Amino acid sequence: MSEKERLIIFDTTLRDGEQSPGASMTREEKVRIGRALERLKVDVIEAGFPAASEGDFESVRAVARAVRGSRICGLARAREDDIRRAGEALQEAEAGRIHTFLATSPIHMEKKLRMTPDEVVDAAVRAVKLARSLCDDVEFSPEDAGRSDPEFLCRVIEAVIDAGAGTVNIPDTVGYNLPEQFGGLIGRLRERVPNSDKAVFSVHCHNDLGVAVANSLAAVMNGARQVECTINGLGERAGNAALEEVVMAVRTRQDFFPCDTGIDAHEIVPASRLVANITGFQPQPNKAIVGANAFAHESGIHQDGVLKHRETYEIMRAEDVGWHTNRMVLGKHSGRNAFRARLKDLGIEFESEEQLNEAFQRFKGLADKKHEIFDEDLQALVTEANLEL
Ligand code: KIV
Ligand code: ZN
């Protein structure tokens with residue numbers, strides 16, 4: 001790990017990820033995912049919302065018991081009963097965190113909470129103080145910060161830091177912000193809040209406009225040092241920022257970022273598979289990092305380039321994020337070099353260029369009829385052509 005500042009990875013697959021309709025998990029499943037996140041070396045695991053149900057309380061407690069390498073966090077509204085419940089669920093954690101939140105946007109304060117801004121500030125401070133009496137690590141989120149008045153946000157943030165919040169998380173709850181705007185907001189808050197150096201600034205971006213990762217990265221460039229994210233980008237509605245994308249963007253572009261995570265990237269694909277298999281939500285094939293095609297090459301030009309030097313068309317190594325290898329997919333766009341290389345891997349070599357050409361023509365004919373040519377198709381094709389093996 002470099003000398004750079006640490007970018008804290010806060011994974012909320014087990015809380016916000018689980019809020020994805022149809023993705024609810026049993027206690028045992030949460031513990032399995034919790035252990036995978038620990039292997040990934042996630043800094044903070046938000047294991048659930050203990051006040052939401054007896055089941056979620058038990059799940060947070062079970063994850064807190066089972067996981068040792070990561071801090072375990074429980075979510076609580078800014079209400080006494082929620083906060084006490086979170087504190088109870090975390091009692092057996094080696095390192096715990098209570099994450100309490102209260103909305104600060106005009107629409108949420110007026111229509112949902114029916115509270116005045118002054119009442120919101122008071123309730124946020126009370127919540128943080130109570131949480132601090134139960135746990136020495138407290139995070140506060142002004143919900144819907146992305147649509148809140150920045151001046152009011154400054155007031156709330158200053159007050160909760162004074163009350164003992166060690167992390168202030170800025171959520172773009174409805175995924176409304178754009179990268180330049182969101183990065184600018186984080187920069188401004190850090191500049192204007194007088195005690196901002198006493199807390200870690202965190203961001204929590206939703207993907208309604210498809211820019212959750214871009215917003216998170218813009219925030220990091222403006223001083224955020226914790227990113228909240230989920231495996232495979234699972235989460236409410238269009239999901240949360242995808243952990244694997246945030247981590248690999250920062251890792252791959254170390255020339256650009258002033259910080260790095262402590263994530264063991266080799267564990268990314270195993271964690272992604274586990275979450276996909278448990279929830280039944282498979283990442284789409286072209287999903288960055290963890291999609292089946294993320295390291296697959298089909299066109300002849302790309303295959304030829306990669307066979308000569310991988311960096312011609314690869315900016316990361318498949319092996320570094322937990323894939324066995326990159327993949328040459330044989331299809332109608334593939335070229336002779338990839339065809340020859342795959343046959344060689346199968347132990348099939350040609351005595352002459354004519355034989356290779358003959359087999360390659362047959363392969364192209366088949367590829368016009370079939371999306372992908374598998375090893376068995378190649379074996380059959382060569383046998384049929386009656387070539388020397
Ligand atoms: O999206 C959101 O605002 C949240 C908070 C609870 C942090 O999930
Ligand atoms: Zn959220």
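Where a number appears in this text, it was derived from the coordinates with a stated rule and is not lab data. Computed from a prediction, not measured in an experiment: that's the story for all the values here. Note: ideal-geometry Cβ built from the backbone for every residue, glycine included; neighbour counts use all protein chains shown.
Candidates Ala95, Ala64: the one that is away from ligand 2 (no atom under 15 Å from the Cβ), out of contact with any helix residue (DSSP H, G or I) (no Cβ under 9 Å at 6 or more places or on another chain), small (Gly, Ala, Ser) and closer than 30 Å to Asp320 by Cα is Ala95. Could you tell me which of the residues Arg15, Arg39, Arg6 is surrounded by fewer than 18 Cβ atoms within 10 Å (Cβ to Cβ), within 25 Å of His206 (Cβ to Cβ) and charged (D, E, K, R)? Of the residues listed, the single one that is surrounded by fewer than 18 Cβ atoms within 10 Å (Cβ to Cβ), within 25 Å of His206 (Cβ to Cβ) and charged (D, E, K, R) is Arg6. Restricting attention to segment 27-55 and to residues that are part of a loop (DSSP other than H, G, I, E, B) and free of Cβ contacts under 8 Å to residues at least 24 places away in the same chain, the residue that is farthest from ligand 2 (Cβ to nearest atom) turns out to be Ser53.
Inside segment 347-377, residues that are under 42 Å from the mean Cα position of the chain (by Cα), within 22 Å of Gly305 (Cβ to Cβ) and aliphatic (A, V, I, L, M) make up a count of 2. Pull up segment 1-23, narrow it to residues that are in a strand (DSSP E or B) and farther than 10 Å from Asn240 by Cβ, then point me to the one that is nearest to ligand 2 (Cβ to nearest atom). Going through the qualifying residues, I end up with Phe10. Glu314 passes every criterion in (1) acidic (Asp, Glu); (2) buried (at least 17 other Cβ atoms within 10 Å of the Cβ); (3) over 14 Å from the mean Cα position of the chain (by Cα) apart from (2). Checking each residue in segment 86-102 for being under 12 Å from Val60 (Cα atoms) and buried (at least 21 other Cβ atoms within 10 Å of the Cβ) picks out Ala86, Ala89, Leu90, Ala93, Gly96, Arg97, Ile98.
Is at least one residue of segment 366-382 outside any loop (DSSP other than H, G, I, E, B) and β-branched (Val, Ile, Thr)? Yes, segment 366-382 contains at least one residue that is outside any loop (DSSP other than H, G, I, E, B) and β-branched (Val, Ile, Thr). Quick one: would you say Asp172 is of a type outside the set (Lys, Arg), surrounded by fewer than 23 Cβ atoms within 10 Å (Cβ to Cβ) and within 13 Å of ligand 1 (Cβ to nearest atom)? So Asp172 does not fit the description; no.
Name the residue that is nearest to ligand 1 (Cβ to nearest atom), counting only residues in segment 177-210 that are within 18 Å of the chain's Cα centre (by Cα) and surrounded by fewer than 21 Cβ atoms within 10 Å (Cβ to Cβ). The selected residue is Asp208.
Within segment 233-243, not a single residue is farther than 15 Å from Glu5 by Cβ, away from ligand 1 (no atom under 16 Å from the Cβ) and not charged (D, E, K, R). Restricting attention to segment 211-248 and to residues that are in contact with a Cys (Cβ under 9 Å, 6 or more places away or on another chain), surrounded by fewer than 24 Cβ atoms within 10 Å (Cβ to Cβ) and not aliphatic (A, V, I, L, M), the residue that is nearest to Glu139 (Cα to Cα) turns out to be Arg225. For segment 347-356, the count of residues that are at positive phi and assigned to a loop (DSSP other than H, G, I, E, B) is at least one.
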